[in-house]
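Undergrad: A single structure is presented below for examination.
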Amino acid sequence: MDVQLFTDSFWPLVRGGLVGTIPLALSSFAIGLVLALGVAMLRLSAHPVLAWVGRAYVSAIRGTPLLVQLFVIFYGLPSLGLTIDPWPSAVVAFSLNVGGYAAEVIRAAILSVPTGQWEAGYVVGMSRRRTLRRIILPQAARVSVPPLSNTFISLVKDTSLASLILVTELFREAQEIAAFTNDFLLIYTEAALVYWIFCTVLSFGQTRLERKLEQYV
């Protein structure tokens, strides 16, 4: 192994992750969570049309590859006269994907809250919306943290697909360094190591957050 090459390329890869991968994952996850909450509410709606819209969205997202979704947005939409730059295209694609998967997590978490909690809110004069916001969602949040954290960690790794639409992030940096040095095995293995470090740190944060929330159970 070329130790000097490993050392010289380590920081550029870490920087690509800190400047590109993590911000891309955070922004996509935040937007995706908002979208997921709305889709979850559609799925739980008593109105059949709204419930069908929610099911159709989840089915479309979960039934198609993320790479295809990314290519449709970046390469497909220009044929309709809608051209989006690489970074926003990646954010849109990842947000839509997170929305589809996280919606089911949030829906299941809401359904896990005992129906008596709804009745308690109604007894003290709360509306359905206020009961949902003040009583149901805080309890559902504790249940949904582990699977949503796993979704975020998976998203961090999935951002490597953004390199295919020329977004500068960790894996894009690895591709450029590997092409320049012609040492693909070393650089791609090093990129995998950096991804592993990031995901390990995030997993540690997930564990701390879960323990913090357990104090309120």
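The values are calculated or read from the model by the stated rules, or taken from the named source; none is laboratory data. In this text, all values refer to a predicted model and were calculated from it rather than measured experimentally. Glycine gets a Cβ as well: all are built from the backbone with ideal geometry, and neighbour counts include every protein chain shown.
Undergrad: I'm trying to understand the selection: among the residues of the stretch 154-206, which are in contact with a Cys (Cβ under 8 Å, 6 or more places away or on another chain) and hydroxyl-bearing (Ser, Thr, Tyr)?
TA: So in the stretch 154-206, the residues in contact with a Cys (Cβ under 8 Å, 6 or more places away or on another chain) come out as 156-157.
None; the set is empty.
Undergrad: Quick check on the stretch 111-140: of everything there that is at pLDDT 80 or above and among the small types (Gly, Ala, Ser), which residue is surrounded by the fewest Cβ atoms within 10 Å (Cβ to Cβ)?
TA: Among those that are at pLDDT 80 or above and among the small types (Gly, Ala, Ser), it is Ser112.
Undergrad: Kindly establish whether Thr168 is under 19 Å from Ser95 (Cα atoms) and not in a helix (DSSP H, G or I).
TA: On the way: under 19 Å from Ser95 (Cα atoms): yes; not in a helix (DSSP H, G or I): yes.
Yes.
Undergrad: Scan the stretch 174-202 for residues that are under 27 Å from Ala140 (Cα atoms) and either exposed (fewer than 13 other Cβ atoms within 10 Å of the Cβ) or among the acidic types (Asp, Glu) (or both) and jot them down.
TA: Passing the criteria: Thr200, Val201.
Undergrad: Determine which member of the set Arg211, Arg172 is touching a residue at least 12 places away in the same chain (Cβ under 8 Å) and either under 27 Å from Gly32 (Cα atoms) or touching a helix residue (DSSP H, G or I) at 6+ places or on another chain (Cβ under 9 Å) (or both). Spell out how you get there, then give the answer.
TA: Values: Arg211 fails: touching a residue at least 12 places away in the same chain (Cβ under 8 Å).
Step by step, each of Arg211, Arg172 is checked, and only Arg172 is touching a residue at least 12 places away in the same chain (Cβ under 8 Å) and either under 27 Å from Gly32 (Cα atoms) or touching a helix residue (DSSP H, G or I) at 6+ places or on another chain (Cβ under 9 Å) (or both).
Undergrad: So the check is Cβ under 6 Å with 6+ separation or different chains; which pairs have a first residue in the stretch 48-73 that's closer than 17 Å to Thr159 by Cα and a second one that's of a type in the set (A, V, I, L, M) and in a helix (DSSP H, G or I)?
TA: Every condition considered, the pairs that remain are Leu67/Leu161; Gln69/Ala93; Leu70/Ala93; Leu70/Leu161; Ile73/Val92; Ile73/Ala93.
Undergrad: Can you tell me which residue is surrounded by the most Cβ atoms within 10 Å (Cβ to Cβ) among those in the stretch 76-99 that are assigned to a helix (DSSP H, G or I) and without any contact (Cβ under 8 Å) to a residue 24 or more places away in the chain? Explain how you work it out, then say what you get.
TA: Filtering the stretch 76-99 down to residues assigned to a helix (DSSP H, G or I) leaves 76-80, 86-99.
Pick out the ones that are also without any contact (Cβ under 8 Å) to a residue 24 or more places away in the chain and you get 76-80, 88, 92.
Working: Gly76: 13, Leu77: 14, Pro78: 11, Ser79: 8, Leu80: 7, Pro88: 13, Val92: 18.
The qualifying residue surrounded by the most Cβ atoms within 10 Å (Cβ to Cβ) is Val92.
Undergrad: To continue, here is another question. How about the stretch 56-75: which of its residues are surrounded by 14 or more Cβ atoms within 10 Å (Cβ to Cβ) and either farther than 23 Å from Leu164 by Cα or touching a Phe, Trp or Tyr at 6+ places or on another chain (Cβ under 6 Å) (or both)?
TA: If the condition is that a residue be surrounded by 14 or more Cβ atoms within 10 Å (Cβ to Cβ) and either farther than 23 Å from Leu164 by Cα or touching a Phe, Trp or Tyr at 6+ places or on another chain (Cβ under 6 Å) (or both), then Tyr57, Val58 are the ones that fit.
Undergrad: So, Ala51, is that one touching a Pro at 6+ places or on another chain (Cβ under 9 Å), modelled with pLDDT under 95 and surrounded by fewer than 21 Cβ atoms within 10 Å (Cβ to Cβ) or not? Break it down into steps so the answer makes sense when it comes.
TA: Values: touching a Pro at 6+ places or on another chain (Cβ under 9 Å): no; modelled with pLDDT under 95: yes; surrounded by fewer than 21 Cβ atoms within 10 Å (Cβ to Cβ): yes.
When the stated conditions are applied, Ala51 does not pass them.
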